[in-house]
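*Asks:* My questions will all concern the structure given below.
The values are calculated or read from the model by the stated rules, or taken from the named source; none is laboratory data. What you see is a predicted model, and the numbers here were worked out from it, not measured in a lab. Using ideal geometry, Cβ is built from the backbone for each residue, glycine included, and neighbour counts are taken over all protein chains shown.
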Amino acid sequence: MQRRIPLFFTLITLLITGLACGPVARSLNSVEGTPKPVEKHLSAFSPIEGTDHMIANISGNPAEGERASFSPFSWIERGYSGYSGYEIYNYVFFSSQPETFNTLLPTNEYVVLQIVGFPSGTPTEKPEDFKPVKWWLYIVVKADTDGSGILDYSDKLTIGVTDVGGNMPTEVISDVDNVLGHTLKNENTLFVIYHSLNKNYVAKIDLPGRQVVSTNEISLGDDVK
(Lines give C-alpha, C1' and ligand atoms only; values in the text may rest on other atoms or scores of the structure.)
Protein backbone atom coordinates (compact mmCIF):
# COMPACT_ATOMS: atom_id res chain seq x y z
CA MET A 1 0.00 0.00 0.00
CA GLN A 2 1.49 3.34 -1.09
CA ARG A 3 1.98 5.83 1.70
CA ARG A 4 0.66 9.32 1.02
CA ILE A 5 2.74 12.36 1.95
CA PRO A 6 0.63 15.20 3.36
CA LEU A 7 0.28 18.17 1.04
CA PHE A 8 1.72 20.56 3.65
CA PHE A 9 5.06 18.71 3.83
CA THR A 10 5.24 18.48 0.03
CA LEU A 11 4.93 22.25 -0.30
CA ILE A 12 7.59 22.84 2.37
CA THR A 13 9.97 20.42 0.60
CA LEU A 14 9.48 22.14 -2.75
CA LEU A 15 10.06 25.57 -1.16
CA ILE A 16 13.33 24.51 0.50
CA THR A 17 14.56 22.85 -2.71
CA GLY A 18 13.80 25.96 -4.73
CA LEU A 19 15.72 28.18 -2.32
CA ALA A 20 18.72 25.87 -2.30
CA CYS A 21 18.95 25.46 -6.08
CA GLY A 22 17.78 28.82 -7.36
CA PRO A 23 19.55 32.18 -7.28
CA VAL A 24 19.55 33.98 -3.96
CA ALA A 25 18.25 37.52 -4.09
CA ARG A 26 20.71 40.07 -2.70
CA SER A 27 19.51 41.89 0.37
CA LEU A 28 19.26 45.63 0.07
CA ASN A 29 21.53 45.84 3.09
CA SER A 30 24.28 43.93 1.26
CA VAL A 31 24.43 46.26 -1.69
CA GLU A 32 27.62 48.29 -1.54
CA GLY A 33 26.94 51.95 -1.05
CA THR A 34 28.83 54.89 -2.43
CA PRO A 35 32.21 55.18 -0.67
CA LYS A 36 32.29 57.93 1.90
CA PRO A 37 34.35 60.89 0.69
CA VAL A 38 37.72 61.20 2.38
CA GLU A 39 37.94 64.10 4.80
CA LYS A 40 41.00 66.07 3.74
CA HIS A 41 43.05 68.46 5.83
CA LEU A 42 45.60 71.16 5.16
CA SER A 43 48.71 70.71 7.29
CA ALA A 44 50.70 73.48 8.93
CA PHE A 45 53.08 75.25 6.56
CA SER A 46 56.81 74.64 6.95
CA PRO A 47 59.45 77.07 5.68
CA ILE A 48 61.74 75.85 2.91
CA GLU A 49 65.07 76.90 4.35
CA GLY A 50 67.04 79.41 2.35
CA THR A 51 64.06 80.44 0.20
CA ASP A 52 61.04 82.75 0.32
CA HIS A 53 58.70 79.74 0.12
CA MET A 54 56.71 77.57 2.51
CA ILE A 55 55.16 74.15 1.90
CA ALA A 56 52.17 72.23 3.31
CA ASN A 57 50.26 69.13 2.30
CA ILE A 58 46.63 68.14 1.85
CA SER A 59 46.16 64.73 3.42
CA GLY A 60 43.50 62.32 4.59
CA ASN A 61 42.81 62.10 8.32
CA PRO A 62 46.30 62.57 9.80
CA ALA A 63 46.72 62.79 13.54
CA GLU A 64 46.86 66.30 14.95
CA GLY A 65 50.55 65.91 15.78
CA GLU A 66 51.35 64.85 12.23
CA ARG A 67 49.43 67.81 10.83
CA ALA A 68 51.39 70.21 12.97
CA SER A 69 54.85 68.70 12.48
CA PHE A 70 54.78 67.93 8.76
CA SER A 71 58.05 68.42 6.92
CA PRO A 72 58.93 67.01 3.48
CA PHE A 73 62.56 67.02 4.55
CA SER A 74 61.88 64.34 7.17
CA TRP A 75 61.49 61.93 4.24
CA ILE A 76 65.02 62.75 3.13
CA GLU A 77 66.32 62.26 6.66
CA ARG A 78 64.64 58.82 6.86
CA GLY A 79 65.94 57.73 3.47
CA TYR A 80 64.18 56.95 0.21
CA SER A 81 60.82 55.84 1.53
CA GLY A 82 58.61 58.88 1.10
CA TYR A 83 55.80 57.21 3.05
CA SER A 84 54.05 59.38 5.61
CA GLY A 85 51.65 56.77 7.01
CA TYR A 86 48.61 58.40 5.38
CA GLU A 87 47.61 59.50 1.90
CA ILE A 88 48.81 62.87 0.63
CA TYR A 89 46.57 64.26 -2.09
CA ASN A 90 48.37 67.48 -2.90
CA TYR A 91 51.01 70.00 -1.86
CA VAL A 92 50.47 73.71 -1.37
CA PHE A 93 53.24 76.30 -1.74
CA PHE A 94 53.20 79.84 -0.39
CA SER A 95 55.62 82.44 -1.72
CA SER A 96 56.15 85.64 0.26
CA GLN A 97 57.46 87.18 -2.94
CA PRO A 98 55.06 87.91 -4.70
CA GLU A 99 52.59 86.67 -2.04
CA THR A 100 51.03 83.82 -4.02
CA PHE A 101 49.79 80.28 -3.42
CA ASN A 102 50.42 77.38 -5.82
CA THR A 103 49.23 73.77 -5.72
CA LEU A 104 51.31 70.90 -7.07
CA LEU A 105 48.34 69.16 -8.70
CA PRO A 106 45.20 70.66 -10.27
CA THR A 107 42.98 68.28 -8.27
CA ASN A 108 42.99 66.61 -4.84
CA GLU A 109 41.87 63.24 -6.22
CA TYR A 110 45.28 61.67 -6.89
CA VAL A 111 47.88 60.44 -4.38
CA VAL A 112 51.35 61.97 -4.19
CA LEU A 113 53.62 59.15 -3.05
CA GLN A 114 56.78 61.19 -2.78
CA ILE A 115 58.31 64.61 -3.26
CA VAL A 116 62.11 65.00 -3.29
CA GLY A 117 64.05 68.27 -3.27
CA PHE A 118 67.15 68.99 -5.36
CA PRO A 119 69.58 69.96 -4.01
CA SER A 120 68.48 68.17 -0.85
CA GLY A 121 68.29 71.29 1.33
CA THR A 122 69.69 69.41 4.32
CA PRO A 123 71.72 71.35 6.90
CA THR A 124 75.51 71.53 6.52
CA GLU A 125 78.26 72.13 9.05
CA LYS A 126 79.40 75.25 7.18
CA PRO A 127 76.65 77.75 6.30
CA GLU A 128 78.48 78.67 3.10
CA ASP A 129 78.13 75.06 1.89
CA PHE A 130 74.35 75.02 2.27
CA LYS A 131 72.36 74.76 -0.96
CA PRO A 132 68.59 75.34 -0.71
CA VAL A 133 66.05 73.32 -2.66
CA LYS A 134 65.66 74.65 -6.18
CA TRP A 135 63.63 71.85 -7.80
CA TRP A 136 61.17 69.16 -6.75
CA LEU A 137 60.76 65.70 -8.23
CA TYR A 138 57.35 64.22 -7.41
CA ILE A 139 55.78 60.79 -7.90
CA VAL A 140 52.02 60.54 -8.37
CA VAL A 141 49.48 57.72 -8.70
CA LYS A 142 46.49 58.78 -10.78
CA ALA A 143 44.58 55.49 -11.22
CA ASP A 144 44.10 52.16 -9.45
CA THR A 145 45.79 50.17 -12.22
CA ASP A 146 46.24 46.97 -10.20
CA GLY A 147 42.63 46.87 -8.98
CA SER A 148 43.56 46.73 -5.28
CA GLY A 149 41.18 49.51 -4.31
CA ILE A 150 43.96 51.84 -3.14
CA LEU A 151 46.45 54.11 -4.87
CA ASP A 152 50.00 53.08 -3.96
CA TYR A 153 53.38 51.97 -5.33
CA SER A 154 51.78 48.86 -6.87
CA ASP A 155 50.01 51.03 -9.44
CA LYS A 156 51.46 52.77 -12.48
CA LEU A 157 53.41 55.85 -11.46
CA THR A 158 53.77 59.27 -13.04
CA ILE A 159 56.89 61.38 -12.49
CA GLY A 160 56.83 65.17 -12.57
CA VAL A 161 59.05 68.14 -11.81
CA THR A 162 58.49 71.68 -10.60
CA ASP A 163 60.50 74.51 -9.11
CA VAL A 164 60.82 75.19 -5.39
CA GLY A 165 57.70 77.37 -5.35
CA GLY A 166 55.51 74.87 -7.18
CA ASN A 167 55.44 76.92 -10.38
CA MET A 168 54.61 75.13 -13.65
CA PRO A 169 54.48 71.54 -12.29
CA THR A 170 54.91 69.27 -15.30
CA GLU A 171 54.53 65.51 -15.75
CA VAL A 172 57.57 64.22 -17.64
CA ILE A 173 57.45 60.39 -17.43
CA SER A 174 54.38 58.14 -17.26
CA ASP A 175 53.60 54.41 -17.12
CA VAL A 176 56.38 53.79 -14.58
CA ASP A 177 56.50 50.59 -12.54
CA ASN A 178 59.36 51.48 -10.19
CA VAL A 179 61.66 54.42 -9.61
CA LEU A 180 65.17 52.99 -9.17
CA GLY A 181 67.15 56.15 -8.47
CA HIS A 182 67.81 59.78 -9.27
CA THR A 183 70.73 62.19 -9.12
CA LEU A 184 71.64 65.70 -10.21
CA LYS A 185 74.21 66.13 -12.97
CA ASN A 186 74.26 69.86 -12.36
CA GLU A 187 71.83 72.39 -10.88
CA ASN A 188 69.58 72.24 -13.96
CA THR A 189 69.87 68.60 -15.08
CA LEU A 190 68.42 65.55 -13.33
CA PHE A 191 68.87 61.86 -14.12
CA VAL A 192 66.04 59.47 -13.20
CA ILE A 193 66.45 55.69 -13.42
CA TYR A 194 63.21 53.72 -13.62
CA HIS A 195 61.57 50.43 -14.63
CA SER A 196 58.72 50.37 -17.15
CA LEU A 197 57.16 47.64 -19.32
CA ASN A 198 59.78 45.05 -18.31
CA LYS A 199 62.70 47.30 -19.20
CA ASN A 200 65.03 49.63 -17.31
CA TYR A 201 65.70 53.19 -18.45
CA VAL A 202 67.63 56.30 -17.55
CA ALA A 203 66.01 59.62 -18.43
CA LYS A 204 67.85 62.93 -18.62
CA ILE A 205 65.58 65.79 -17.56
CA ASP A 206 66.07 69.47 -18.33
CA LEU A 207 64.61 71.00 -15.16
CA PRO A 208 64.13 74.61 -16.31
CA GLY A 209 62.56 73.33 -19.55
CA ARG A 210 60.44 70.75 -17.65
CA GLN A 211 61.15 68.08 -20.27
CA VAL A 212 62.99 64.83 -20.91
CA VAL A 213 65.82 65.47 -23.36
CA SER A 214 66.93 61.83 -23.73
CA THR A 215 65.90 58.35 -22.63
CA ASN A 216 68.20 55.34 -22.87
CA GLU A 217 67.49 51.70 -22.12
CA ILE A 218 69.79 50.03 -19.58
CA SER A 219 70.65 46.65 -21.10
CA LEU A 220 71.87 44.17 -18.49
CA GLY A 221 70.99 40.91 -20.24
CA ASP A 222 67.78 39.06 -20.95
CA ASP A 223 67.82 37.48 -17.48
CA VAL A 224 67.58 40.89 -15.76
CA LYS A 225 64.13 42.44 -15.65
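*Asks:* Quick check on my filter: what residues within region 195-209 are without any contact (Cβ under 8 Å) to a residue 60 or more places away in the chain, surrounded by 14 or more Cβ atoms within 10 Å (Cβ to Cβ) and hydrophobic (A, V, I, L, M, F, W, C)?
*Replies:* Within region 195-209, Val202, Ala203, Ile205 meet the criteria.
*Asks:* Let me ask you something else. State all residues of region 109-147 that are touching a Phe, Trp or Tyr at 6+ places or on another chain (Cβ under 9 Å) and acidic (Asp, Glu); if no residue qualifies, say none.
*Replies:* Residue satisfying the conditions is Glu109 alone.
*Asks:* Moving on to the next point. Looking at region 167-178, which of its residues are closer than 26 Å to Thr103 by Cβ and surrounded by fewer than 16 Cβ atoms within 10 Å (Cβ to Cβ)?
*Replies:* Passing the criteria: Asn167, Met168, Thr170, Glu171, Ser174, Asp175.
*Asks:* For region 77-177, please list each of the strands (runs of 3 or more DSSP E) lying entirely inside it that holds at least 1 residues being within 22 Å of Tyr201 (Cα to Cα) and of a type outside the set (Asp, Glu).
*Replies:* The strands (runs of 3 or more DSSP E) meeting that bar are 111-118, 135-141, 157-163, 170-176.
*Asks:* When you look at Lys36, is it modelled with pLDDT under 90, surrounded by fewer than 13 Cβ atoms within 10 Å (Cβ to Cβ) and either assigned to a strand (DSSP E or B) or at negative phi (or both), yes or no?
*Replies:* yes
*Asks:* Ok, one more. So which residues in region 132-142 are touching a residue at least 40 places away in the same chain (Cβ under 8 Å) and either farther than 23 Å from Gly181 by Cβ or of a type in the set (D, E, K, R) (or both)?
*Replies:* Passing the criteria: only Lys134.
*Asks:* I would also like to ask the following. With the requirement that a residue be among the acidic types (Asp, Glu), in a strand (DSSP E or B) and either within 26 Å of Ser154 (Cβ to Cβ) or in contact with an Asp or Glu (Cβ under 9 Å, 6 or more places away or on another chain) (or both), what does region 184-225 give you?
*Replies:* Scanning region 184-225 gives a single hit, Glu217.
*Asks:* Another one. Within region 179-194, track down each residue that is more than 18 Å from Ile139 (Cα to Cα) and surrounded by 12 or more Cβ atoms within 10 Å (Cβ to Cβ).
*Replies:* Glu187, Asn188 - these are the residues of region 179-194 that are more than 18 Å from Ile139 (Cα to Cα) and surrounded by 12 or more Cβ atoms within 10 Å (Cβ to Cβ).
Okay, residues lined up against (1) more than 26 Å from Ile58 (Cα to Cα); (2) in contact with a Gly (Cβ under 8 Å, 6 or more places away or on another chain):
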{"position": "Ile115", "(1), (2)": "no, yes"}
{"position": "Ile150", "(1), (2)": "no, no"}
{"position": "Thr162", "(1), (2)": "no, no"}
{"position": "Asp177", "(1), (2)": "no, no"}
{"position": "His182", "(1), (2)": "no, no"}
{"position": "Asn186", "(1), (2)": "yes, no"}
{"position": "Val202", "(1), (2)": "yes, no"}
{"position": "Gln211", "(1), (2)": "yes, no"}
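*Asks:* If you don't mind, there's one more thing I want to ask. Quick check on this structure: which one of Val172, Val224, Val202, Val213 is under 29 Å from Asn108 (Cβ atoms) and of a type outside the set (D, E, K, R)?
*Replies:* The unique qualifying residue is Val172.
*Asks:* Another question, then. Within the group Val179, Val192, Val172, Val212, which residue is of a type outside the set (Lys, Arg), touching a residue at least 24 places away in the same chain (Cβ under 8 Å), within 16 Å of Gln114 (Cβ to Cβ) and in contact with a Lys or Arg (Cβ under 8 Å, 6 or more places away or on another chain)?
*Replies:* Val172 is the lone residue from the list that is of a type outside the set (Lys, Arg), touching a residue at least 24 places away in the same chain (Cβ under 8 Å), within 16 Å of Gln114 (Cβ to Cβ) and in contact with a Lys or Arg (Cβ under 8 Å, 6 or more places away or on another chain).
*Asks:* Evaluate region 147-166: report whether one residue or more is of a type in the set (Phe, Trp, Tyr), surrounded by 13 or more Cβ atoms within 10 Å (Cβ to Cβ) and either closer than 30 Å to Phe130 by Cα or modelled with pLDDT of 95 or more (or both).
*Replies:* Checked region 147-166: no residue is of a type in the set (Phe, Trp, Tyr), surrounded by 13 or more Cβ atoms within 10 Å (Cβ to Cβ) and either closer than 30 Å to Phe130 by Cα or modelled with pLDDT of 95 or more (or both).
*Asks:* Can you confirm whether region 96-104 contains a residue that is within 26 Å of Glu187 (Cα to Cα), under 18 Å from the mean Cα position of the chain (by Cα) and at pLDDT below 90?
*Replies:* Within region 96-104 (the criterion being within 26 Å of Glu187 (Cα to Cα), under 18 Å from the mean Cα position of the chain (by Cα) and at pLDDT below 90), the answer is no, since none of the residues qualifies.
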